Amino acid sequence: VATALDRTFEAIVLDWDSTAVPDRQAGASGVRARVEALCGAGVHVFVVSDADVATVDGRLQARPHGRGRLHLCCSRGSEGFAVTADGPRCVFRRTASPTEESALIRATERTVGRLRARGAEVKAVSERLNCRAIELAPGPARLTSTKVEDVDPLTEAGLAGVVALAADASRDAGLVDPRITCDMKQVTIGLTDKSDSARWAANWLVGRGITGGLILIVGNGFGPVGGLAGVDSLVPVDALTRAVVVSVGDEEGGEAEGVVQAGGGSRRFLELLDGQRARRAARRVPDIDLDPAWVVRLPSTRANERIAGALGTLANGFIGLRDSGGEEGHGLGSLFLVSGVYARDNQLLSGPLWTGLEQPGIHRRHSRETLLDLRTGMLERSGNGPAKARFVRFVSMASPHAMALRAEAPEPHLDPGDPLRPPLEDVDFERDMHGRMSGAKTKKLGAEIAMAAEDHVETRGGLRTIERLATWSADPTGTADLDDAYRRLAEAEALGFDGMLAEHREAWAQRWAGAEVVIEGDPEGELAARFAVFHLLAAAADSGEAAVGARGLTGNGYAGHVFWDADVFVLPVLAAIRPAAARAMLEYRIRRLPEARAAAHRQGRRGARFPWESAGDGSDVTPRLVRGGDGELVPIATGPHEEHIVADVAWAADHYASWTGDAAFLIGPGRALVVDTARYWASRIRIDARGNGHIEGTMGPDEYHQIVDDDAYTNVMARWNLRRASDLLVQAGETDEAETWRGIAEGLVDGWDPDRAVYEQFAGYFGLEPLLMSDVAHPPVAADVLLGSERVAGSQLIKQADVLMLHHLVPDEVVDGSLESCLAFYEPRTAHGSSLSPAIHASLLARAGQPERALDLFRMATRLDLDDLTGTTAGGLHLATMGGVWQALAFGFLGLAAEGSTLAIRPNLPKAWSALGLTFHFAGQLISVRAEDDQVTINAVAPILVRVADQAPVWCDSTTSIALEPSFAAPSHK
Amino acid sequence: VSTVLVALDASTGARAVLETAVRVGELTGAHVEAVHVHADPRECDDTLEALAARIGVPLKLLEPPVEPALIAAMGEPDVIVAVIGTGGAPGYGRPVGHTATSILESVDKPVVVVPPEAVSPGTMVRLLVPLEGTEASSRPVRERLVPLLVADADVVALHVFTDTTLPAMLDRPHRDLDMLGSEFLARHLPRANRIELRTGPVATWVTEVSEEYGSDLIVLSWSQSLSPGRSHVVREVLGDSHLPVLLLPIVPTDINEADAVSPPVDGDLA
């Protein structure tokens, strides 16, 4: 009992009848005081009773103030009331339809009739909300007897027989799902029961990020009585799996499985409530719900500490925090970054570190465990040394400037130390004090980050607890105001740790409600996919501008520079699961249009030339030279030559608009992203004597072949860019330039080889050494390291999806049926030597009807950081790969595509998956799609036009299931 | 008092061995002592004594038999590093002679092997430490060598990718290799001043990089077996190198479970 209750619960679901109060005469003032106190401390309380609200509220009379909510779930699951200072207010009521009402009457009549036919006397029938109670034959014997068999002479099977009789009679009367309960006094037939109360409570709590293990269920009758499960056994419903279920009853008929038998009746019940109040008062470390579908165990060895730090990054779009937690101060690779705060050297500035604590007497070798709860964005660490220390921290998703941690351990083994410490990087670090608040600033030329923190330390009964709240202030313009950080800290302290945590959990719950991922049959794949979505949801703010670097805010790899990873791999995901964040990413590009225009002008071109790598001011920050392995300086060709970024930015803008239905974007602020980029291409393309257009001296996504002519990816993306911009100009009545661009687009060579039915990756590619990966090594492998860059450049081996990116991004721009032939040609030549490659191939293979091979590559992508396949995860997570993971699920396995405002769904599931479900936004509304072998189920809030496979589009409203035709096979897609 | 113990024989390489020992003494800040086993009555020890005296290293004569005497002397608690020559004519498949093999396979301490043609270095500050990237082989370097080094030793780590250890993906090759190298050093040898990454035959690269960087000493951890089929990199380097090679035994009990390299993530709570 002590172990089961040694945790802090966020919600208590309690049985009123005989648990909270021993009998109908007992006073309830003790319960009221405790319920009000718990609600005041932030705990949500659900009182479940068969009685009506007047009865329950009349006795409890609780009027809680504070963040915790009190709900009375009364009338046998048919009604729920939220209780405030003004009294109970109905928040749900199950209303019987006329058909149900008459069926209920018939069911009662039939049950009475059948009971009488068996010789039983029925005293009366009472009518309550959604149910009828039939009082069984009264008599002196059954009123005094405690033996079940004595009181029910009706059937050999005892009470269970009565229930079976009533259930049969009810179904015969037309009740689809009759809820029958029976005790020694009466049998009750209804439309609802306590399980409905429990499900309602569970659903309400899920919306606040409170699930299973954070919930305490207390009752007194879970065990069997007279052959029936105890009435309280209805409360631990599936939606409350992992909840701690405690019985304070005698359970004379036997204990129920999975129920903690505390006994002690109402007095014990009050003690349980007191225990929870005490934990709150002592600021004990909160718990996470150890749900294996949502919790990732991070590496715990010293060697993997930096990887653990990256994997366990907590971010909220504005900031990223990583600290794998050392015993003395900080873990290796600790980092605090603020999105967009680049110093003059174009590197993200490291902020002060605020999570360091001292643990005297704890040695590195003492085993420990670090858990990342994806559902709530909390990191929990626990140690098993001499001190059973526990730590929890979070970066508020609700209040972007606030962060908090709590720690607890036996007193000698925990000290706060300096709340703010300098980062591991070499930057200027200044300390400050403001009353009890500590302040600190980091500075580099052109950037500052200010931070404030305050500790609350106390020791009770030998247990020391530390609570630390921290806030930050920084601005991409380069200054940071400590006063802002102090002011925000005062606000955070006014809200308190528990309040911050509650808001944080709820904010994450809201994000997940629009981004659910379900992969049935593959729990590991599901967890890994959720891990990817977790980091994507945390990667971009949903207001202002979002500079999403290749490693996001999870590490300082590439100094936080923004690549096409953001536009092509991350943005399409956020457009679906967090549209406002996708819009903020585009805002980052929009605000850098002036610099892109200047760059085009400097090159003698027109329009806007976005840089391959971008940081604060939008100039090209790609390194021109790097020191090679032999110490020599090696030129980097991507900056001057990987120009496809220009079209990638345009594509991102257009994809956002078409997927979200934000049509105004391309008329207004996003228009220049498409039009000015097209103008660049129009000035970049050389027209030869025969009128054909060429783009020379460029580099495609496959960087094994640097500086080539007429790269298919670049040319086709440029063609798409010109055509799309031309459409926009025509809409605006600007036909002259539109006509010119359309002409240029039509003449642009694209490498299509009709004889091979394959796009040639660039001019001359087919003439290279025809090496296959099977000749060389098993992918994924850095073929350039294995064979040397010269050999690879002279061969047909490619690093990653290149031509195939066209099939992924612009399927309408490629020849019908060319996906299969291009996959057949390029897949054997692809080294997957880029983290961008496996997920895109997985998506395309699924679309092409090869879901099993697709699954192999999907798994490679999901494990890329979790298993540190690249050896560089310590430098930050590969956000583009994570974007690819979601895209493979959505566009590959589920086969989603926007066809105007119609959502096309064309599932291709591997055998191991029994179902795949995603929740996302499309055309301005939230929609869930679940694909199984034989059907697709769509859940939409408002009507939406959906086309499944090759069937005609249908309007879907609320929940619609559409059968997949048996003959449905993988399409011959573009 | 820490001692660098150098075993001398009457071969022409004795001078290089002794001078190397002096450099090792400077590298580790330890006192240098020489020993010689007077095994052959016809042998005149005067030359060795004169050599030791000239270089300023005390020489102690030990009673035969050779191997037990040397192994016992090297086992003394104050001895932190032993220095030996490769010994007589190396047999087929063995880069060092019988006595050296016996010492290397028995002495549980860092042992520097000085090849006969070695030119004794004027200083010993530049160390090349090839690392295969396993905790078992890196740990002896971190824990048994690094604490002995004086501050200004320049430690260069070398990791050679083989077919089985090639990186899977390099998005931005040079910067990814930088990241990979930094992580490699952080994991395996934080004391190193830098890391060199190469691809191909390990022993060949050890020799080439040591020449390229003018290394004074090559450091290899090993399983203390020169039997055919074992320690092929050590055997090749000992066979090819003109530099002294410091061999660090891997002690199985060095591996602590909590610090061992393991797959990063278990995936779930199961």
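The values are calculated or read from the model by the stated rules, or taken from the named source; none is laboratory data. Note that the coordinates shown come from a computational prediction; the quantities given were computed from them, not determined experimentally. Note that we place each Cβ from the backbone using ideal geometry, even for glycine, and neighbour counts take in every protein chain shown.
A few comments on the model shown:
- For A:GLY607: the one exception among (1) within 14 Å of chain B (Cβ to nearest Cβ); (2) under 19 Å from A:TYR588 (Cβ atoms); (3) touching a helix residue (DSSP H, G or I) at 6+ places or on another chain (Cβ under 6 Å); (4) of a type outside the set (Ser, Thr, Tyr): (1)
- Within region A:26-55, the set of residues being buried (at least 18 other Cβ atoms within 10 Å of the Cβ), among the small types (Gly, Ala, Ser) and assigned to a helix (DSSP H, G or I) comprises just one member, A:ALA37.
- Residue match in region B:145-159 (condition: over 21 Å from B:GLU211 (Cα atoms) and modelled with pLDDT under 90): yes
- Unmet requirement for A:GLY478, which otherwise passes all of (1) buried (at least 21 other Cβ atoms within 10 Å of the Cβ); (2) in a loop (DSSP other than H, G, I, E, B): (1)
- Under the condition of being of a type in the set (Val, Ile, Thr) and more than 9 Å from every other protein chain (Cβ to nearest Cβ), the residues counted in region A:860-880 number 1.
- Per-region count, region A:14-62, residues under 19 Å from A:SER247 (Cβ atoms) and without any contact (Cβ under 8 Å) to a residue 12 or more places away in the chain: 1
- One residue from A:ASP802, A:ASP856, A:ASP867, A:ASP816 being out of contact with any helix residue (DSSP H, G or I) (no Cβ under 9 Å at 6 or more places or on another chain) and either of a type in the set (D, E, K, R) or under 21 Å from A:HIS655 (Cβ atoms) (or both): A:ASP816
- Hits in region A:56-90 - residues which are surrounded by fewer than 18 Cβ atoms within 10 Å (Cβ to Cβ) and hydroxyl-bearing (Ser, Thr, Tyr): A:THR84
- A:SER543 being farther than 25 Å from A:ALA931 by Cβ, surrounded by fewer than 20 Cβ atoms within 10 Å (Cβ to Cβ) and more than 14 Å from every other protein chain (Cβ to nearest Cβ): yes
- Candidates B:LEU145, B:LEU180 - the one that is over 23 Å from the mean Cα position of the chain (by Cα) and not in a strand (DSSP E or B): B:LEU180
- Of residues in region B:183-202 being in a helix (DSSP H, G or I) and touching a residue at least 12 places away in the same chain (Cβ under 8 Å), the one farthest from the other protein chains (Cβ to nearest Cβ): B:VAL202
- There is no residue in region A:605-615 that is modelled with pLDDT of 95 or more, outside any loop (DSSP other than H, G, I, E, B) and over 33 Å from the mean Cα position of the chain (by Cα).
- Within region A:131-151, tally of residues that are modelled with pLDDT of 50 or more and either hydrophobic (A, V, I, L, M, F, W, C) or assigned to a loop (DSSP other than H, G, I, E, B) (or both): 6
- Residues (part of a loop (DSSP other than H, G, I, E, B) and under 21 Å from B:SER210 (Cβ atoms)) located in region B:123-142: B:THR123, B:MET124, B:VAL125, B:LEU131, B:GLU132, B:GLY133
- Yes/no for A:THR660 being farther than 29 Å from A:ALA343 by Cα, under 38 Å from the mean Cα position of the chain (by Cα) and at pLDDT 95 or above: yes
- Identity of the residue in region A:288-307, farther than 26 Å from A:THR8 by Cα and outside any loop (DSSP other than H, G, I, E, B), that ends up farthest from the other protein chains (Cβ to nearest Cβ): A:GLU305
- Condition check for A:LEU857: within 14 Å of chain B (Cβ to nearest Cβ) and over 26 Å from B:ASP178 (Cβ atoms): yes
- Any hit, region B:210-220, residues being buried (at least 18 other Cβ atoms within 10 Å of the Cβ), facing another protein chain (nearest Cβ under 10 Å), on the phi < 0 side of the Ramachandran plot and over 16 Å from the mean Cα position of the chain (by Cα): no
- Test: residue in region A:340-354 that is under 24 Å from the mean Cα position of the chain (by Cα) and surrounded by 24 or more Cβ atoms within 10 Å (Cβ to Cβ): yes
- Qualifying residue in region A:271-282 (condition: more than 10 Å from every other protein chain (Cβ to nearest Cβ) and outside any helix (DSSP H, G or I)): yes
- If you go through region B:148-177 and keep only what is more than 9 Å from chain A (Cβ to nearest Cβ) and either without any contact (Cβ under 8 Å) to a residue 12 or more places away in the chain or in a loop (DSSP other than H, G, I, E, B) (or both), you end up with B:LEU149, B:VAL150, B:ALA151, B:ASP152, B:ALA153, B:THR162, B:THR164, B:THR165.
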